[in-house]
Amino acid sequence: MTNMKVFYGSALFAICLAGCSKAPAPVLERHDVGSVVRLDPAFDTIAPQGAYIEKVADGFQFTEGPLWRPDGHLWFSDVTANAVRSVTADGHAEILIPNGGGPTNAPPGSYIGPNGMVADKDGYVLLCQHANRRIVRVGKDLQTTPYVEKFEGKRFNSPNDLVYKSDGSLYFTDPPYGLLKQDDDPLKELKFNGVFRYAGGKTQAVIKDLTRPNGIAFSPDEKTLYVANSDEKRKIWMRYDVASDGTVSNGRVLADVTAEKEDGLPDGMKVDSLGNVYGTGPGGVWVFAPDGRHIGTIKPPETPANCNWGDDGKTLYITARTGVYRIKLAVAGEKPLYQ
């Protein structure tokens, strides 16, 4: 191990140890809120030295699905509280949509609320609902109308996360988390947990062999689709080739963290304008270079579930258990297709 540097606030402690190794030692920065772990010099171009994590707001139950809105609010889901909330950059939070996942009699703590969100071409928001097991469109008056509800006449399990492709097609994941007994729930109608494509009023299953498909994102050139698999027995991020007609093929593992012991599973993810992938997972937000190298980890003080870009486009907002956090980076996030 050589030249290991540890940052505590503004103080710098440099520990130079004797001996050499082929790979440089990780560099760990610690701040008052969370920490930043540097594994590759390439990470310095993303998170400059001194970049730090801030707490925006806390006191929630299980935060998910962040989406920056043009009026300066971050919308996010509070899954077990069954509410869509918003928070300003200075931390003022409010409830936008109570029963955001749909009405339910599920026991407290169930994953029955709203989840992932994305803006559509008309400036509205599409929202995944676990209790209602569908995707709805949120109007300017915050009223919801069904958008996608069934596949081949059968209800979805519980749509979780979603992303648009530039041709207007919508891709979304459908794990069974919103069902109280998950795969064994008698209300489950589909025999698989899939990834779907919705376009032209038609829904097709594009991936059917993942046990817990969750976070989803496209590379900037849209030739690669990334999908997180949130399974304790197989904690992986996958990548797939995407043809011009939307066909998905050639699935292979981007990263496998099944052996990791820190709390958390591969969950929500985003991509920046250079193609780097930010995947919430064990212990933090794992950052991968486009070639799949794990170059750094952003570690808020709570286990993160999702992330998204906000403010000036270079600020990464992170939803993590009971709180919302952010870190200002040097690279712009991939610009949303719709605002």
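Selection of the stretch 222-259 for residues being within 22 Å of CYS307 (Cβ to Cβ), open to solvent by less than 70 Å² (accessible area, probe 1.4 Å) and acidic (Asp, Glu) yields GLU222, ASP231. Among the residues of the stretch 215-239, those that are over 21 Å from LYS335 (Cα atoms) and not β-branched (Val, Ile, Thr) comprise ASN229, SER230, ASP231, GLU232, LYS233, ARG234, LYS235, TRP237, MET238.
Checking each residue in the stretch 206-221 for being surrounded by 19 or more Cβ atoms within 10 Å (Cβ to Cβ), part of a loop (DSSP other than H, G, I, E, B) and not charged (D, E, K, R) picks out only LEU210. Residues of the stretch 135-173 that are buried (at least 23 other Cβ atoms within 10 Å of the Cβ) and either among the aromatic types (Phe, Trp, Tyr) or outside any strand (DSSP E or B) (or both): PHE156, ASN157, SER158, PRO159, ASN160, ASP161, TYR171, PHE172. In summary, SER249 fulfils each of the numbered conditions (1) outside any loop (DSSP other than H, G, I, E, B); (2) under 27 Å from VAL331 (Cα atoms) with the single exception of condition (2).
Counted as qualifying within the stretch 1-88 are the strands (runs of 3 or more DSSP E) with 1 or more residues that are open to solvent by 20 Å² or more (accessible area, probe 1.4 Å), hydrophobic (A, V, I, L, M, F, W, C) and modelled with pLDDT under 50, namely 4-8, 11-15. If the condition is being touching a residue at least 60 places away in the same chain (Cβ under 8 Å), open to solvent by 10 Å² or more (accessible area, probe 1.4 Å) and not in a loop (DSSP other than H, G, I, E, B), then the stretch 272-296 contributes only HIS294.
Tallying residues that are part of a strand (DSSP E or B), open to solvent by less than 80 Å² (accessible area, probe 1.4 Å) and farther than 16 Å from ASN229 by Cβ within the stretch 186-204 yields 4.
The residues on offer are SER249, SER230, and the sole one that is more than 27 Å from PRO41 (Cβ to Cβ) and within 12 Å of the chain's Cα centre (by Cα) is SER230. Among the residues of the stretch 124-163, the ones that are farther than 15 Å from TYR177 by Cβ and among the basic types (Lys, Arg) come to 4 in all. Evaluating GLY123 against the criteria (1) on the phi < 0 side of the Ramachandran plot; (2) of a type in the set (Gly, Ala, Ser); (3) touching a residue at least 40 places away in the same chain (Cβ under 8 Å); (4) outside any strand (DSSP E or B) leaves one unmet condition, (1). ALA42 passes every criterion in (1) within 26 Å of TYR338 (Cβ to Cβ); (2) in contact (Cβ under 8 Å) with a residue 60 or more places away in the chain; (3) among the small types (Gly, Ala, Ser) apart from (1). Can you find a residue that is among the charged types (D, E, K, R), assigned to a loop (DSSP other than H, G, I, E, B) and either under 21 Å from VAL56 (Cβ atoms) or free of Cβ contacts under 8 Å to residues at least 60 places away in the same chain (or both) anywhere in the stretch 91-109? Within the stretch 91-109, none of the residues are among the charged types (D, E, K, R), assigned to a loop (DSSP other than H, G, I, E, B) and either under 21 Å from VAL56 (Cβ atoms) or free of Cβ contacts under 8 Å to residues at least 60 places away in the same chain (or both).
The values are calculated or read from the model by the stated rules, or taken from the named source; none is laboratory data. Quick caveat: nothing in here was measured; it's all calculated off a predicted structure. Positions of Cβ are backbone-derived with ideal geometry, glycine not excepted, and every protein chain shown enters the neighbour counts. Calculation scope for accessible area: heavy atoms of the full protein, side chains included, ligands and nucleic acids excluded. Shrake-Rupley method; radii C 1.70, N 1.55, O 1.52, S 1.80 Å.
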